[in-house]
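The values are calculated or read from the model by the stated rules, or taken from the named source; none is laboratory data. These figures come from a predicted structure and were not determined experimentally. Here the Cβ is made from the backbone with ideal geometry for all residues, glycine too, and neighbour counts use every protein chain on show. Only protein heavy atoms, including side chains, enter the accessible area calculation; ligands, DNA and RNA are left aside. Shrake-Rupley method; radii C 1.70, N 1.55, O 1.52, S 1.80 Å.
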Amino acid sequence: MINFLLDLISNLLILAVMLTACSLFNGMRPGAKANGYLLFFVFAAIALAFDAALTFLVFADSQTRYGKFSTTESFMQRGAAYLTACGIAICLARMRSRKASQSAQGSTVIRTSAYTNSQLPM
């Protein structure tokens, strides 16, 4: 159980780092729309695939040396930590998109020019 919690905490820290990096990137480049949640989801999927390859292909050949890492039980704990972190990332992304859509619906838009179709959000 402690390994699951440590894996989950490390995955959530990686999520926080990716969200911070994407936020900084979006701040530096005004037109950029980097999605940290999607980036983390892809990163976790790739990490899970590499973890499965290491567990069942590499560590399985040397049971005496890497026995505790090559068990199916330890892989299931790590996989559950990856999936839990991805679920948290998806829930946070949905909350963020709902909040953005609610704020966009509630804002008033004033047309400033009939020629350029420019608008001024309030």
Problem set entry | Filter result for Tyr82 (surrounded by 14 or more Cβ atoms within 10 Å (Cβ to Cβ), closer than 13 Å to Asp7 by Cβ and of a type in the set (Ser, Thr, Tyr)) | yes
Problem set entry | Close pairs (7 angstrom Cβ cut-off, 6 or more residues apart or separate chains): open to solvent by 90 Å² or more (accessible area, probe 1.4 Å) in region 24-46, in a loop (DSSP other than H, G, I, E, B) anywhere | Phe25/Ala32; Phe25/Ala34
Exercise. Any chance region 66-73 includes a residue that's within 23 Å of the chain's Cα centre (by Cα), of a type outside the set (S, T, N, Q) and at pLDDT 85 or above?
Worked result: no
For this session: Scan region 19-32 and give yes if some residue there is under 23 Å from Ile2 (Cα atoms) and either at pLDDT below 85 or of a type in the set (Phe, Trp, Tyr) (or both), otherwise no.
Result: no
Exercise. Can you name every residue in region 1-23 that is open to solvent by less than 80 Å² (accessible area, probe 1.4 Å) and within 14 Å of Ala85 (Cα to Cα)?
Worked result: Phe4, Leu5, Asp7, Leu8, Ser10, Asn11, Leu12, Ile14, Leu15, Ala16, Met18, Leu19
